[in-house]
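Asker: Sharing a structure with you now.
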Amino acid sequence: MKSLESKTADCILEISQDCIIIAGEKYDIAPPTPATLILISKYISELPEVDGNTKNIVNEVLGKAKDLSIIGKIAATLILGAKRVKERRYVAVRLKPWRIKRMPELDYLADKILDEVSNADLFRLISDRLNNLQIGDFFVLTTSLSAANLLRRTKEVE
């Protein structure tokens, strides 16, 4: 069993603790970091609003699906981690036997997820990764810092 210090070091260095296989390729899953949570939040803010209380779910989903490709980036970022995404790594993709294209690793994995992973598996992947992001701890941290900010003196009253 790893010590708390070892787990903390792995998290800070984003050393993988798990892996996932997508379309035959193995990807190490980065441990949860605040940077990953913040980047995921940025991508989630780009999602269009979907009315969950609509009577015709099919029309709602089909009307918004064209704008939901960001879900691939969300899933890819949850796998790669913010540190690796920010490194802007590139992947060589063979388009034809004589043609190779370089594309960002994040975009490559996002496209692969959208092309190869079923909707049920995508849901499980995202929900499992979000559960492992330690969102509760991040919430406690941000609310305690917000409370400290509210208590800070802003100006002197005579």
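Asker: So for each of 28-35, 59-66, 102-109 I average, over its residues, the number of other beta carbons within 10 Å; can you give me the resulting order with the highest mean first? Provide the component values of the computation, followed by the final result.
Answerer: Numbers: 28-35: 19.0, 59-66: 11.9, 102-109: 16.4.
The peptides rank, most packed first, as 28-35, 102-109, 59-66.
Asker: Next up: Order the peptides 93-99, 117-123, 39-45 from the highest to the lowest mean number of other Cβ atoms within 10 Å of their residues. Spell out each step's value before the answer.
Answerer: On the way: 93-99: 8.3, 117-123: 12.1, 39-45: 14.9.
Result, highest mean first: 39-45, 117-123, 93-99.
Asker: Taking a 18 Å limit on the Cα-Cα distance, which of the listed pairs Lys42/Lys83; Lys83/Lys112; Lys42/Lys112; Lys66/Lys86; Lys26/Lys96 fall beyond it? Before the final figure, lay out each step's value.
Answerer: Working: Lys42/Lys83 15 Å; Lys83/Lys112 20 Å; Lys42/Lys112 21 Å; Lys66/Lys86 26 Å; Lys26/Lys96 23 Å.
From Lys42/Lys83; Lys83/Lys112; Lys42/Lys112; Lys66/Lys86; Lys26/Lys96, over 18 Å: Lys83/Lys112; Lys42/Lys112; Lys66/Lys86; Lys26/Lys96.
Asker: Here's another thing I want to ask about it. How long, wide and thick is segment 43-116, going by the Cα atoms along their three principal axes, in whole angstroms, largest first?
Answerer: Sorted largest first, the three principal extents are 49, 31, 16 Å.
Asker: Report, to one decimal in Å, the Kirkwood hydrodynamic radius for segment 29-86 based on all distinct Cα pairs.
Answerer: Values: mean 1/r = 0.0795 Å⁻¹.
One over the average 1/r among Cα pairs gives 12.6 Å for segment 29-86.
Asker: A further question follows. Post the alpha-carbon centroid distance, segment 14-74 to segment 117-144, in whole angstrom.
Answerer: Cα centres, segment 14-74 to segment 117-144: 10 Å.
Asker: Also, I was wondering about something else. Can you list residues from other chains, or at least 5 along the same chain, whose modelled amide H is less than 5 Å from the amide H of Ile22?
Answerer: Here the answer is Tyr27, since their amide H atoms fall under 5 Å of that of Ile22.
Asker: So what is log10(I(q)/I(0)) for segment 82-149 at q = 0.11, 0.16 1/Å, when the Debye sum runs over its Cα atoms only?
Answerer: Taken in order of the listed q values, log10 I(q)/I(0) reads -0.48, -0.79.
Asker: What is the set of long-range amide H partners of Val91 at a cut-off below 5 Å, with H atoms built 1.01 Å from backbone N?
Answerer: Met103, Glu105
Only the coordinates and a few stated rules stand behind these numbers; no lab work does. None of these values were measured; they are calculated from a predicted model. Counting neighbours? That spans all protein chains shown, and the Cβs are built from the backbone with ideal geometry, glycine included.
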